[in-house]
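The values are calculated or read from the model by the stated rules, or taken from the named source; none is laboratory data. Since the model is a prediction, treat every value here as computed from it, not as a measurement. Here the Cβ is made from the backbone with ideal geometry for all residues, glycine too, and neighbour counts use every protein chain on show. Accessible surface is based on the protein model in full, side chains and every heavy atom, while ligands, DNA and RNA are left aside. Shrake-Rupley method; radii C 1.70, N 1.55, O 1.52, S 1.80 Å.
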Amino acid sequence: MKQREFKKRRQALMQRIGKGNIAIIASASSAVRNRDVHYPFRQDSDFYYLTGFNEADALAVFIPGRQQGEYVLFCREFDATKALWEGAHAGLEGATSQYGADDAFPIDDLDEILPGMLENKAKVFYPMGKNGELDHKLLDWINHIRKQSRTGVTAPGELVSLEHIVHEMRLFKSAEEIKLMRRAAEISAQAHVRAMQYCQPGVHEFEVEAELIHHFMRSGLRAVAYPSIVAGGKNACVLHYTENADKLRKGDLLLIDAGAECDHYAADITRTFPVSGKFSEPQRLLYQLVLDAQEAALAEIAPGIAWNKAHEASVEVLTKGLVELGLLKGRVKKLIKDEKYKQFYMHRIGHWLGMDVHDVGDYKIKDEWRLLEPGMVLTVEPGLYVAADCETVDKQWRGIGIRIEDDVLVTADGYEVLTAAVPKTIEAIESVMRS
Ligand code: GLY
Ligand code: MN
Ligand code: MN
């Protein structure tokens, strides 16, 4: 992502904050995995969205109209020893020259410098409740200013959620963002095809996971957007199964939910296919039903259509199909009203997709489902999961879990599936697995 893009975002944010106010946002912290070993660092998405700065121990301050510069970055000072052991870091010099900060200060001097910036500001835009230590500090700084009121300074009177503003911005993807999302989608799609070709009875779920990650990394995408779900047979009925430890068995289905991250933007794809390359009859029937539900849901994606319509369409198709196949008994309308489908379809049709796999942005506005608009990206992912011990259905259906998930961009006149390169019809899947 070019620096120009981050600058544009900061300018848009400054507009929304308004003169006389201030916004504060902290970076992610480095998290310890076990003694002396840290988890791979992942920057806070909001912080990265506004700064492009990929270090821990940093804090950005935005002060519209400030004479000495509106964008201030607190970060680690350059330290040659640290650079030798842990690698490059920008330092104060880099913060301004490479990352476009108007002013940079050492993070260790935060307590001395930030309170002065809060003086005489009306509102503080801040992500409340995300960082307990910083929450306390902020209140301490504000109280400290209050005590000095006799000297003529005033303390901020209002704390406002910064997230609401930033998340609304993040919901609408720019051309630059869509470029990155396309790349994440394209490489993730290739990895799914590879996994289909690699899969055979007797290999472990984690070996298939290795095949996916191998392709992500060899294609230049080092991070996964979330831990891959590689679930053979009844493991697919555990929605967030990530143990990936079992051997794949002939006759079972394999559900893979995996996506790579491209410069902090996620792909999120699920495909379900037969381990040995050919669907059994019950698998085929349930699979086709989920695919029909996905198509019905996709038909409801266009500007001006409420977000909920796709979900309702999937519920209708799935419930009707479950009655036809005998897994549910009763009248379709009543089964939908009583939410009986939830025994087999317990999640929603999808979610916003972006820097976070479950991305930010409101789904409802004033209690009404939001209308889709061009530039939004969402997943469409209906599923059916028949628990292995489900005694209300015939044995042939038990232990089958199926989900089909694609990433969809809302365009001016409809939608575009970013992940269309992974086959999903029964014929196409069986054909790829034969190749
Ligand atoms: N991979 C998480 C989801 O599909 O929502
Ligand atoms: Mn997924
Ligand atoms: Mn998803």
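Computed quantities for the displayed model
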{"read-out": "Inter-label distance for K329 and R398, nm, one decimal - labels placed 7 Å from Cα along Cα-to-Cβ", "value": "1.7"}
{"read-out": "Fraction of accessible area attributable to carbon and sulfur, the chain (%, probe 1.4 Å)", "value": "50"}
{"read-out": "Hits among aspartates and glutamates - C-alpha to C-alpha of K7 under 12 Å, sequence gap 8 or more where chains match", "value": "E70, D102"}
{"read-out": "Translational diffusion coefficient (Stokes-Einstein; Kirkwood radius from C-alpha pairs) of the chain at 20 °C, 1.002 mPa s, in µm²/s", "value": "89"}
{"read-out": "Förster-model FRET efficiency, 25 Å R0, H358 and S280, C-beta, rounded to 0.05", "value": "0.15"}
{"read-out": "Partners for K8 among lysines (Cα-Cα distance below 26 Å; same-chain residues under 8 apart left out)", "value": "K19, K121, K123, K130, K173, K179"}
{"read-out": "Size descriptor, Kirkwood hydrodynamic radius, that averages inverse alpha-carbon separations across the stretch 3-140, Å", "value": "15.7"}
{"read-out": "Length added when fully stretched, D79-Q67, from 0.36 nm per residue minus Cα-Cα", "value": "1.3 nm"}
{"read-out": "Per-selection metrics, the stretch 254-392 (Cα): Rg and Dmax in Å", "value": "16.3, 49"}
{"read-out": "Residues D111 and E339, FRET efficiency given R0 of 45 Å [Cβ-Cβ distance, rounded to 0.05]", "value": "0.30"}
{"read-out": "Accessible area in the full protein assembly, largest first, 1.4 Å probe, for M181, M433", "value": "M433, M181"}
{"read-out": "Furthest towards positive pole of dipole, S27, V357, A306, structure part the chain, Cβ charges", "value": "A306"}
{"read-out": "Alpha-carbon radius of gyration plus Dmax, which is the widest Cα pair, for the stretch 124-201 in Å", "value": "23.5, 78"}
{"read-out": "Lysine pairs with alpha-carbon atoms under 18 Å apart, the stretch 299-435, spacing 8 or more or separate chains", "value": "18"}
{"read-out": "Environment charge at K309 (Cβ cut-off 13 Å; Lys +1, Arg +1, Asp -1, Glu -1)", "value": "-2"}
{"read-out": "Length released on extending from Q200 to D36, taking residue separation times 0.36 nm less the Cα-Cα span", "value": "55.1 nm"}
{"read-out": "Residues of the chain: accessible area per residue with a 1.4 Å probe, Å²", "value": "47"}
{"read-out": "Solvent exposure, largest accessible area first (probe 1.4 Å, DNA, RNA and ligands not counted), of S45, S431, S97", "value": "S97, S431, S45"}
{"read-out": "Additional length obtainable on full extension of the chain from A306 to R218, 0.36 nm per residue less Cα span", "value": "27.7 nm"}
{"read-out": "Cross-link reach list, lysines versus K247, counting only Cα pairs under 16 Å and skipping chain neighbours closer than eight places", "value": "K234"}
{"read-out": "Protection proxy ranking of 103-112, 226-235, 393-402, 145-154 - average other beta-carbon atoms within 10 Å, highest first", "value": "226-235, 393-402, 103-112, 145-154"}
{"read-out": "Environment charge at G100 (Cβ cut-off 14 Å; Lys +1, Arg +1, Asp -1, Glu -1)", "value": "+1"}
